[in-house]
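Just below is one structure, and these are the notes that go with it.
The values are calculated or read from the model by the stated rules, or taken from the named source; none is laboratory data. Just so it is clear, the structure is predicted and the values come from calculations on it, not from any experiment. Note that each Cβ is placed from the backbone with ideal geometry, even for glycine, and that neighbours are counted across all protein chains shown.
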């Protein structure tokens, strides 16, 4: 398949042409959320980024198996090997079973993603449902000599691994430098080295979530789940592993080490990372307490918000920036995205009002060519949006009669616009789904009355209907061959 798609591979630090292991099949694994709280704006970016990739690969004709995990065990408070399990802590505070917490927030996450237009993955495995696979992976790492047991916990021997392989190849870190910058443990830990990480943790007496293993009653380390589940569903070698840039170290670095130690080679060929959403230049996240939940965005209930923002406004806001660039939150940026999305959707709607001619003065192939070039250049969605805005201007010219288009070209233009707006970018016209559907019959009835008034030369009634509609945000446009209207 000649897609000419290039993606930035974090592992090689270069933009590479995408060549799948087993075309037309593509294995895509993306790190999903830890479900101990409501999804926030920071969660939306990786979900939308890799939804865009999923959609575009499918558009190119690939058969994509998209696996996005749910972390419901093993993610400790400091993202390393100490502290309390985040879900267990939430369950203890709210006097619930941990799986009640996990299920509740998983369902809320899925609902928020659906509202954002994020397609459901092919498989959505839970860490707690793959304990057996994680124990087996630890066995394999033991067999290769890269794991050791200490007081019922199992740790990965980073220094021994680094003697043969390179620990830090993804993030560009050097183990000696990491060790030099790390304080001595002074016998206060079960680890042999401060850089070692947990494969299995022995549960303390108060720890709620625990399973039997050959080493102790305990639970798997956070990093282990993705290695075990990606291998189970995509094999020892697969195409793309994705996630947020904040996961590059230590999570993804540890994944590479685990998979390489067990099998002798890395698992994913391409590693893709989206950049962060910031607020006042600082990463937005739960640990920093500066996050805005998606529900707060949709309702406008957060103190930093001047108004509610629709799910498609959020999606458009994220797609306006390249996935590898930082994206700073502000009300002004979201309001600009709201206006831009409205302009785009009005352009799409205007296509249905364009009347074909006997010749074309526009090059319809230009839209598909330029959009494909942008998407093939590492998913450059901002350029795709720019091209679409160029064509909104052309669509308005066609509607006004300043340009002409044949019926066949008009059908092709509609198909291409809808393909890139709806299928690839994943946007939808929220006005069609809601407000406009209810208003349309009433507005059309009033405009019929107005047309009759004009026919009767009752200009006062005609002007009153127009002015009253304008006052409530409905703009009436008289044309030579009739009348149009739109919601402002």
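On inspection, residue 342 fails the criterion of being assigned to a strand (DSSP E or B) and either in contact (Cβ under 8 Å) with a residue 40 or more places away in the chain or under 21 Å from residue 477 (Cα atoms) (or both).
Being farther than 17 Å from residue 379 by Cα and touching a helix residue (DSSP H, G or I) at 6+ places or on another chain (Cβ under 9 Å) is the filter; apply it to the stretch 1-28 and report the residue that is surrounded by the most Cβ atoms within 10 Å (Cβ to Cβ). Write out each step before concluding.
Within the stretch 1-28, the subset farther than 17 Å from residue 379 by Cα is 1, 11-12, 21-25, 27.
In the following step, the residues that additionally are touching a helix residue (DSSP H, G or I) at 6+ places or on another chain (Cβ under 9 Å) were identified as 11, 27.
Details: 11: 17, 27: 24.
By that ranking, first place goes to 27.
Kindly evaluate residue 74 against the criterion of being in a helix (DSSP H, G or I), in contact with a strand residue (DSSP E or B) (Cβ under 7 Å, 6 or more places away or on another chain) and either modelled with pLDDT under 95 or surrounded by fewer than 22 Cβ atoms within 10 Å (Cβ to Cβ) (or both). So residue 74 fails the test. Touching a residue at least 40 places away in the same chain (Cβ under 8 Å), in contact with a strand residue (DSSP E or B) (Cβ under 9 Å, 6 or more places away or on another chain) and part of a loop (DSSP other than H, G, I, E, B), is that true of residue 141? In short, no.
For first residues located in the stretch 439-455 and free of Cβ contacts under 8 Å to residues at least 24 places away in the same chain, partners that are loosely packed, with under 13 Cβ neighbours inside 10 Å and lie 6+ apart or on another chain with Cβ distances below 8 Å form the pairs 453/459. Within the stretch 90-103, is even one residue under 21 Å from the mean Cα position of the chain (by Cα) and surrounded by fewer than 18 Cβ atoms within 10 Å (Cβ to Cβ)? Yes, the conditions are met somewhere in the stretch 90-103. When the residues of the stretch 261-292 are filtered to those that are at pLDDT 80 or above and over 30 Å from residue 144 (Cβ atoms), the one that is nearest to the chain's Cα centre (by Cα) is 274.
Of the helices (runs of 4 or more DSSP H) contained entirely in the stretch 381-480, those carrying at least 2 residues that are under 30 Å from residue 44 (Cβ atoms) fall at 381-400, 407-418, 430-433, 435-455.
A quick yes/no check of all residues on (1) assigned to a loop (DSSP other than H, G, I, E, B); (2) assigned by TED's automatic domain parsing to the domain that holds residue 170; (3) at pLDDT below 95:
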{"position": "12", "(1), (2), (3)": "yes, yes, no"}
{"position": "19", "(1), (2), (3)": "yes, yes, no"}
{"position": "29", "(1), (2), (3)": "no, yes, no"}
{"position": "36", "(1), (2), (3)": "yes, yes, yes"}
{"position": "44", "(1), (2), (3)": "no, yes, no"}
{"position": "50", "(1), (2), (3)": "no, yes, no"}
{"position": "80", "(1), (2), (3)": "yes, yes, yes"}
{"position": "83", "(1), (2), (3)": "yes, yes, yes"}
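For the stretch 216-231, the candidate set comprises residues that are over 21 Å from the mean Cα position of the chain (by Cα) and in a helix (DSSP H, G or I); within that set, the residue that is nearest to residue 153 (Cα to Cα) is 224.
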